[in-house]
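The values are calculated or read from the model by the stated rules, or taken from the named source; none is laboratory data. All values derive from a computational prediction rather than experimental measurement. Here Cβ is always computed from backbone atoms with ideal geometry, including for glycine, and neighbour counts include all displayed protein chains. Accessible surface is based on the protein model in full, side chains and every heavy atom, while ligands, DNA and RNA are left aside. Shrake-Rupley method; radii C 1.70, N 1.55, O 1.52, S 1.80 Å.
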Amino acid sequence: MRDLGIVQYGAPILAEPARPLGLPDERKTAETVISQLLDAMERIRRARDFSGKGLGLAAPQIGIGRAAAVVKPPGADPIVLLNPRIAAASDEMDEKFEGCLSFFDVRAPVPRSLRITVETVTPDGSTMTTVYERGEARLIAHEIDHLDGLLLLNRMRPGVTPIPVEEYRKTAEATGRAWSYE
């Protein structure tokens with residue numbers, strides 16, 4: 001992933017909260033960052049097969065410390081997130097294996113709320129509230145974590161460790177319970 005321009009685990013920018021965009025004044029900046037995120041996602045999709053899996057990318061993962069991310073759920077249009085924040089989260093949770101482009105060689109079980117309410121800002125400065133459920137909620141929460149300077153390692157239960165992707169694949173094939181966010 002490093003060769004595709006993705007900042008890797010250990011880089012300071014991944015552990016820092018991203019700076020919010022001052023919208024609408026920074027609309028042009030927001031549009032540029034979103035364009036760069038979409039370009040990076042296209043490079044990634046050309047290099048790796050993500051069919052049937054969700055794909056998300058936050059600005060810090062491409063070296064931009066701004067609060068912007070793009071999520072592409074399987075079979076759906078991209079979701080643009082500017083200055084997102086989780087306003088509410090359900091108590092009902094599940095734990096699924098997630099992956100991350102910033103340390104692509106491992107998978108880790110991460111507990112997440114099954115339903116989240118997210119507030120974002122539009123390029124014109126309006127606030128928008130959207131409810132996401134299940135897989136989309138997981139994808140969105142993962143990217144918002146990046147914008148808050150958190151990685152999936154910060155969300156794992158105590159005592160749980162990531163596993164190498166090859167071990168994950170063997171386990172997923174044996175159990176038929178594969179679910180991986182990339």
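For the reader, a short list of remarks on this structure follows.
- Under the Karplus curve 6.51 cos²θ - 1.76 cosθ + 1.60, θ = phi - 60°, whole-Hz ³J(HN,Hα) for the stretch 148-157, x wherever Gly or Pro sits: 8, x, 10, 10, 4, 4, 6, 9, 5, 5
- The fraction of accessible area contributed by carbon and sulfur in the stretch 20-146 is 48 percent, rounded to a whole number (1.4 Å probe; ligands and nucleic acids excluded).
- Helix-only mean residue ellipticity at 222 nm for the chain, each DSSP H run of n ≥ 4 adding -39500 (n - 2.57), per residue, nearest 500: -8500 deg cm²/dmol
- With Cα atoms, 0 to 90° folded angle of helix 165-175 axis to the chain main axis: 60
- Within the stretch 13-48, backbone nitrogen closer than 17 Å to the virtual label 7 Å beyond the Cα of Arg85 toward Cβ: 17-24
- For the residues Lys96, Lys28, Lys72, a GNM of the chain with alpha-carbon springs under 10 Å puts the largest fluctuation on Lys28.
- Largest GNM mean-square fluctuation across Gly65, Gly22, Gly99, computed for the chain with C-alpha springs under 10 Å, falls on Gly22.
- The distance between label points at Lys28 and Val131 comes to 4.0 nm (points 7 Å beyond Cα on the Cα→Cβ vector).
- Distance (nanometres) between label positions extended 7 Å along Cα→Cβ at Ala76 and Gln8: 3.2
- Whole-Hz couplings from phi, Karplus 6.51/-1.76/1.60, listed for the stretch 105-112; x for Gly and Pro: 8, 10, 10, 9, x, 10, x, 9
- For the stretch 114-122, Karplus couplings with θ = phi - 60° (6.51, -1.76, 1.60), whole Hz, Gly/Pro x: 7, 9, 10, 10, 10, 9, 10, 10, 7
- For the stretch 52-146, applying the loop criterion from DSSP together with a ceiling of 14 other beta carbons within 10 Å to the GluC sites (Glu not before Pro) yields Glu92.
- Per residue accessible area in Å² of the chain, where ligands, DNA and RNA are left out and the probe is 1.4 Å: 50
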